[in-house]
Amino acid sequence: MILYQGLLRSPASWARVGRGYLGELLHLGIDVCAVAARGFRYDERFPLPPGLVEYTPREARREFESAVGLGFLHPPHIERLIGTPRLNLFVWEADRVPPTWIDALERGVDTVLVPSTFAREAMVSSGFPEERVVRVPYGYDHRTLKSAATLVDRVESAGGGPFMFLAVVAPHRRKGVEELCRAYRQAFTKSDDVLLRVKTTYDPGSAGRRFAFEIPSWDSLLGATGLKSDDAPPVVVDVCTLDDGEMLDQYASAHVVVQPSSGESFGLASLEGAALGRAVVATDWGGHCDFLPAGPDRIGYRLERASDQLYEPVPEACVAMIDIDALAGRLRWHYDHPTESLQVGQTLRAHVAEWTWEAATHSLLDALTG
């Protein structure tokens, strides 16, 4: 029995990761259940993998103390992890991990599971025992992908409409949203038949409190980057909650996916866009470099101290700030070369074909049983 512990009913990426693994475990006939958990953007109506049973924490502690404990818990809460042995999925977006988190994970779990070479190197460089950190990648849903691929075919055969760049981002400085807006403004004007669509889950400007790692608001960001001027190219900011299938439709309706983050532990948006044959423009630093091939769509950067970009301060941590001029140039290239851009996406789709949740879950099972 595997007992999963972590947020599931949410559009957050880490909740999507849990659903991805659990859906495949159930499909493989593995005995697995979950502990009901609340957290960021929790929505009780959010669909779970068919057949997954949730238990309260009290029920889980009574019934499943001897189960394999698989968590995706925030390190300060790692003492809540139930089971024997205990393994915890972990992500971090800089080159150093908070020392208190390293201590908590070292005391509280047997093994830490990270999704990329980048994240593994950050753990080891921060002092976590190398033999206790295992790389287990994420994936895309090749079953749901089939319906989204039909939309891709319709989009590509219909033609017309603006050339759309899609950014699936939280309103966080680390996501490179300011750099993206500046590059897009630099590359295009109102006369270009282009659109930047930003899919996000919330607006800090309408929240009761705001954190240092967040942008002030989407409206203020567009104003500060010149995207509200009369000659600016159009931008649409979608603040909404979508299920996993609807998210794939977002990628399918775009021409290019853009992820200019200063740090990504994996880059699920990049993988899902690539799996649907979309070209992906991203920073040449982070977990997505495991599956995005080297080339002009991996944009150069400069390393700098993370400052207020991280959820938890780490004085010596660095992040990668994307080259705005180079990003603007590459966005413009895709717009000016739509046929070649489409071919880039088709080549990328073939490149990531094996990065499915099915393959990722077999890697997870190896880690759980190893």
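Of all residues in region 321-332, none are among the β-branched types (Val, Ile, Thr), touching a Lys or Arg at 6+ places or on another chain (Cβ under 6 Å) and at pLDDT below 95.
All of Ala187, Ala183 fail the test of being over 16 Å from Met247 (Cβ atoms) and touching a Lys or Arg at 6+ places or on another chain (Cβ under 6 Å), apart from Ala187.
Scanning region 344-370 for residues that are closer than 12 Å to Ala279 by Cβ, of a type in the set (S, T, N, Q) and modelled with pLDDT of 95 or more yields one hit, Thr347. Does Arg86 fit the bill of being surrounded by 13 or more Cβ atoms within 10 Å (Cβ to Cβ) and basic (Lys, Arg)? It is true that Arg86 is surrounded by 13 or more Cβ atoms within 10 Å (Cβ to Cβ) and basic (Lys, Arg). Looking only at residues of region 196-220 that are out of contact with any strand residue (DSSP E or B) (no Cβ under 9 Å at 6 or more places or on another chain) and not in a loop (DSSP other than H, G, I, E, B), we find that the one that is surrounded by the most Cβ atoms within 10 Å (Cβ to Cβ) is Gly205. In the set Gly23, Gly29, only one residue is among the small types (Gly, Ala, Ser), out of contact with any Ser or Thr (no Cβ under 8 Å at 6 or more places or on another chain) and free of Cβ contacts under 8 Å to residues at least 12 places away in the same chain; that residue is Gly29.
May I ask you to verify whether Arg302 is among the charged types (D, E, K, R), under 18 Å from Val169 (Cβ atoms) and at pLDDT 95 or above? No; evaluated as a whole, the condition is false for this residue.
Condition first: free of Cβ contacts under 8 Å to residues at least 60 places away in the same chain, under 19 Å from Pro11 (Cβ atoms) and either in the same structural domain as Phe163 (by TED's automatic domain parsing) or not aliphatic (A, V, I, L, M) (or both). Can you find one or more residues in region 269-288 that meet it? Yes: region 269-288 contains one or more residues that are free of Cβ contacts under 8 Å to residues at least 60 places away in the same chain, under 19 Å from Pro11 (Cβ atoms) and either in the same structural domain as Phe163 (by TED's automatic domain parsing) or not aliphatic (A, V, I, L, M) (or both).
List the number of the failed condition for Leu227; all other conditions in (1) in a helix (DSSP H, G or I); (2) in contact with a Cys (Cβ under 8 Å, 6 or more places away or on another chain) hold. (1) is the only condition that Leu227 fails. For region 174-182, does any single residue satisfy the condition of being in a loop (DSSP other than H, G, I, E, B) and outside the structural domain of Tyr42 (by TED's automatic domain parsing)? Checked against the condition, which is being in a loop (DSSP other than H, G, I, E, B) and outside the structural domain of Tyr42 (by TED's automatic domain parsing), region 174-182 yields at least one hit. Scanning region 1-45 for residues that are farther than 16 Å from Leu89 by Cα and under 15 Å from the mean Cα position of the chain (by Cα) returns Ser10, Pro11, Phe40. Filter region 48-83 down to the residues that are within 30 Å of Gly245 (Cβ to Cβ) and surrounded by fewer than 13 Cβ atoms within 10 Å (Cβ to Cβ) and list them by number. Listed by number, the residues that qualify are Pro50, Gly51, Val53, Thr56.
Within region 233-251, the set of residues being within 14 Å of the chain's Cα centre (by Cα) and of a type in the set (Val, Ile, Thr) is empty. Going by what's in this entry, would Arg298 be described as over 24 Å from Phe211 (Cβ atoms), in the same structural domain as Val177 (by TED's automatic domain parsing) and of a type in the set (D, E, K, R)? It is true that Arg298 is over 24 Å from Phe211 (Cβ atoms), in the same structural domain as Val177 (by TED's automatic domain parsing) and of a type in the set (D, E, K, R).
In region 118-148, of all residues being closer than 24 Å to Ala104 by Cβ, of a type in the set (A, V, I, L, M) and part of a helix (DSSP H, G or I), the one that is farthest from the chain's Cα centre (by Cα) corresponds to Val124. Of the residues screened, Arg197 is not one that is closer than 26 Å to Asp95 by Cβ and modelled with pLDDT of 95 or more. With the structure loaded, tell me whether Leu70 is in contact (Cβ under 8 Å) with a residue 60 or more places away in the chain and either under 20 Å from Asp110 (Cα atoms) or among the polar types (S, T, N, Q) (or both) or whether it fails that test. Judged against the criteria, Leu70 is a match.
The values are calculated or read from the model by the stated rules, or taken from the named source; none is laboratory data. Fair warning: this is a prediction, and the values are worked out from it, not measured in the lab. With ideal geometry, Cβ positions are generated from the backbone for all residues, glycine too; neighbour counts draw on all protein chains shown.
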